[in-house]
1. As a test of reading the structure, rank GLU240, GLU433, GLU385 by solvent-accessible area (1.4 Å probe, protein chains only), most first.
2. Rounded to the nearest 500 deg cm²/dmol, what is the calculated helix-only ellipticity per residue at 222 nm for the chain, with -39500 (n - 2.57) per DSSP H run of length n ≥ 4?
3. Over 27 Å between Cα atoms, which of LYS125/LYS247; LYS60/LYS247; LYS60/LYS456 qualify?
4. To the nearest 10 square angstrom, what accessible area does LEU459 show with a 1.4 Å probe?
5. When all alpha-carbon pairs of the stretch 257-439 are counted, what percent fall beyond 28 Å?
6. First compute the accessible area of the stretch 292-391 with a 1.4 Å probe, then give the percent of it belonging to carbon and sulfur atoms.
7. Would you please name the trypsin sites (Lys or Arg not before Pro) within the stretch 94-145 that are DSSP coil residues with at most 15 other C-beta atoms within 10 Å of their C-beta?
8. What whole-number value in Å² describes the accessible area per residue of the chain for a 1.4 Å probe?
Amino acid sequence: MTTPSVTVLDHWISGTRVPGTSGRTAPVHDPATGRQTAEVPLASAGEIDAAVKTAVSAAKEWRTSSLSKRAAVLFAFRELLNSRSDELAAIVTAEHGKVLSDAAGEIARGLENVEFATGVPQLLKGGFSEQAATGVDVYSIRQPLGVVAGITPFNFPVMVPLWMCANAIACGNAFVLKPSEKDPSASLFLAELWKEAGLPDGVFTVIHGDKEAVDALLDHDDIAAVSFVGSTPIARYIYERGTANGKRVQALGGAKNHALVLPDADIDMAADAIVSAAYGAAGERCMALSVAVAVGGVGDDLVEAISARLPALTVGPGSEPGTDMGPLITREHRDRVAGYVSAGAEAGATVVVDGREQDVPADGFFLGMTLLDDVTPDMTVYRDEIFGPVLSVVRVDTFEEGLALINANQYANGTAIFTRDGGAARRFQNEVEVGMVGINVPIPVPVAYYSFGGWKDSLFGDTHMYGPEGINFFTRGKVVTQRWPDPATSRVDLGFPRTR
Ligand code: NAD
């Protein structure tokens, strides 16, 4: 039953809040207290259809807007986002649980994508070849697709929508966002900022929901493209169903990111980087490091350096100053992650630090940080994406063995190498079969003027997210070949010297 302190959330359609009518809802929790704080409507196929219809007519107008008008809206949106980022960070922390500084960091990384998209007049420039044949010129233009959808995960409720919508809107499309139902409020805040920035109604829509809403988007004739970020099984499903319906789809999936630590690495630098990349945001990052591959004799020093750092870290509510790690997203997920720790121990991994025994707040969905040593590739703790504060150390004898281990993994989102040897680093970046590589950099999320994406089961589709590939994804190319009659041969006298 809804209590007075539970906020009832709405969809955002045609520039205004619209209550859900399906009769189905989902609870939204504050993971730091475990208390339900909101109720989010879950859209029916009929509600999706009505929302998409408004987006279709908005897209027709928006595609005719000038590039300078679009850039002006993006600049205004950028200013609003920047000036109100504290409020937005608080919303993220209240529903996701990550610490405030991390929420602010996510907004800053999302903002980069808006800044990139302000360059749309430059980004949409085509090519021109004069005199491709005698009297014939050829040029290329890129045009918007129409209405495009974004389906996003819980772990970055601001950054991932901005990865998509900034470029999609800049390119002249209308964008329909189906955010995660676990932390949906940030998307409504973004919608209000877009409106305040001058974006015409209907160009940015938020429609909440679960599988029913997603399926309705995937099947809708007026959705031209789907941009998805989430877990691998759902990414595969979205890609298969969306492309079967003739849509353009990019679907980014899960991850199991490895750090290869060579014997010559700066251990303190590596340990600092690995601790923040493994346990930051409670390990709920697609670029979190979850496996440290220790080469040769470096294992003992590395495990000691990492375990020495953990007692200094505080687990608690993300809104409290001084907290290093917040709770997990749901109770079920917390229990599932704890189950992996038990399974690892039973399978023979050495539990160096046990997050289940750490002193954490009793309310909320907290779990401490776990460090497992002597993990082997057959263990579930190694094979599965855990998406929690659990770091596994796998020991190998050689660089080749470590590289082969990483290349054999089904996931291939990000990876990092820690070494002082430039030749080893260069070989690694050349031979590793992973989409994003860090060299002494633990979370190599590309800046907004490159593109983001993994390989193998971390990405279904051909196009990476945001940056130049994002511009390509949200536009269709057209090439025009033109020939004009020579005015000197025209039947009408235009004042040119006659050649006949
Ligand atoms: P998820 O796959 O459960 O959900 C993602 C989206 O899909 C949500 O909007 C959800 O409502 C929808 N969805 C869920 N089940 C569905 C179904 N059966 N049919 C249709 N739609 C469905 O992912 P999550 O738990 O929200 O996010 C965590 C996952 O996202 C992790 O696996 C993480 O690695 C991944 N992720 C990947 C990247 C990347 O860039 N590769 C970035 C962030 C998160």
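The values are calculated or read from the model by the stated rules, or taken from the named source; none is laboratory data. This is a predicted model, so every value here is computed, not measured. Neighbour counts are summed over all protein chains in view; Cβ atoms, including those assigned to glycine, are modelled from backbone coordinates with ideal geometry. For the accessible areas, the whole protein counts, side chains as well, though only heavy atoms, and no ligand, DNA or RNA atoms are used. Shrake-Rupley method; radii C 1.70, N 1.55, O 1.52, S 1.80 Å.
1. In descending accessible area the options line up as GLU240, GLU433, GLU385.
2. Values: 16 runs with 188 residues, N = 500.
Helices in the chain give a 222 nm mean residue ellipticity of -11500 deg cm²/dmol.
3. Numbers: LYS125/LYS247 25 Å; LYS60/LYS247 19 Å; LYS60/LYS456 36 Å.
Long pairs (Cα-Cα over 27 Å): LYS60/LYS456.
4. Accessible surface of LEU459 is approximately 20 Å².
5. Working: 3205 of 16653 pairs.
Tail of the P(r) past 28 Å holds 19 percent of the pairs.
6. 47
7. Here the trypsin sites (Lys or Arg not before Pro) that fit, given the DSSP loop and packing criteria, are LYS125.
8. 40
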